[in-house]
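Enquirer: Below: one structure in structure tokens.
Any read-out appearing in this document is the output of simple, stated calculations on the displayed coordinates, not a laboratory observation. The structure presented is a predicted model; accordingly, all values stated were derived computationally and were not measured. Every residue, glycine among them, receives a Cβ derived from its backbone with ideal geometry; neighbour counts consider all protein chains shown.
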Amino acid sequence: MAFRDIRTIGDPVLRTACAPIETIDDAVRQLVEDLVETVDHEGRAGLAANQIGVSLRAFSWNIDGDIGYILNPVIVERSEELQELGDEGCLSVPGLWYPCERPSFSRAEGTDLDGNLVVVEGEEIWARLINHEVDHLDGHLYLDRLKKDVRKQAMRELRESLEH
């Protein structure tokens, strides 16, 4: 296992859609180990593979000590109802938190390393996590989901943070 560095905004890997995992091999097993080890730190809720520089569809989570992973996740259900605006942050956009609308419930399906079905679902933090991480795998950052005025402020603060 290896604790991996997090790629930050500006790295092109974060803006590229990830490829599906076609074959479970040693590289994919290592990726899962790295995702799980890297997310297993205080303050980390989720981690997509491209955040550690690997353009494959996988993410890990750490919600209240529940640590896991999913390969080739697909969101199969989202509520139309949105949760109250909650501040969202991202390891790839360090130190910046903004209100971001997300569905109040989401369900994703994928597999584990043995090809078994994995279902990740829930409300509030789980719904936010699922949508946030699948966005990463599709080449999007949460900043893309902000309301126009908030996004403008976020981009200004991001530029200022990068200048210092």
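Enquirer: Out of all DSSP beta bridges in the stretch 1-156, what portion is antiparallel? Express it as a percent rounded to 5.
Expert: The antiparallel fraction comes to roughly 95 percent.
Enquirer: Translational diffusion coefficient of the stretch 68-164 at 4 °C, 1.567 mPa s, Stokes-Einstein with Kirkwood Rh over Cα pairs, in µm²/s as a whole number. Write out the running numbers ahead of the final one.
Expert: Details: Rh = 14.4 Å.
Estimated via Stokes-Einstein, D reaches 90 µm²/s.
Enquirer: Let me ask something additional. Step through the residues of the stretch 59-68 one at a time and calculate ³J(HN,Hα) from phi using the Karplus curve (6.51 cos²θ - 1.76 cosθ + 1.60, θ = phi - 60°), rounding each to whole Hz and writing x for Gly and Pro.
Expert: Once θ is set to phi - 60°, the couplings for the stretch 59-68 become 8, 10, 9, 8, 10, 6, x, 7, 10, x Hz.
Enquirer: Just report the Cα centroid separation between the stretch 126-161 and the stretch 30-96, whole Å.
Expert: The stretch 126-161 and the stretch 30-96 have Cα centres spaced 14 Å from each other.
Enquirer: Next up: Determine one quarter of the surface area of the Cα convex hull of the chain, which equals its mean projected area, and express it in nm² to one decimal. Present the calculation step by step, with values, prior to reporting the outcome.
Expert: Details: hull surface 37.6 nm².
Over all viewing directions, the chain projects a mean Cα-hull area of 9.4 nm².
Enquirer: Right, something else. Mind checking the angle between helix 148-163 and the chain's longest principal axis? C-alpha axes, 0 to 90 degrees, to the nearest 10.
Expert: Relative to the chain, helix 148-163 is tipped by roughly 80 degrees.
Enquirer: Treating the angle as unsigned and between 0 and 90°, give the value, to the nearest 10°, between the Cα long axis of helix 125-137 and the longest Cα principal axis of the chain.
Expert: Computed tilt is about 80 degrees.
Enquirer: Only loop residues by DSSP count here, and only those with at most 11 other Cβ atoms within 10 Å; note down the GluC sites (Glu not before Pro) in the stretch 1-101 that meet that. Mind dumping the intermediate values first?
Expert: Values: sites: E22, E33, E37, E42, E77, E80, E81, E84, E88, E101; in loops: E22, E42, E80, E81, E84, E101.
Taking the stretch 1-101 and a limit of 11 other Cβ atoms within 10 Å, the loop GluC sites (Glu not before Pro) found are E22, E42, E80, E81, E84.
Enquirer: Here is a further query. At 222 nm, what value in deg cm²/dmol follows for the chain if DSSP H runs of at least 4 each add -39500 (n - 2.57) and the sum is divided by all its residues, to the nearest 500?
Expert: Value at 222 nm, helices only: -8500 deg cm²/dmol.
Enquirer: Also, quick follow-up: Hey, what do the phi angles of the stretch 87-92 turn into as Karplus ³J(HN,Hα) couplings, whole Hz, using 6.51/-1.76/1.60 and θ = phi - 60°, x for Gly and Pro?
Expert: Karplus values, whole Hz, x for Gly and Pro: 5, 10, x, 7, 4, 8.
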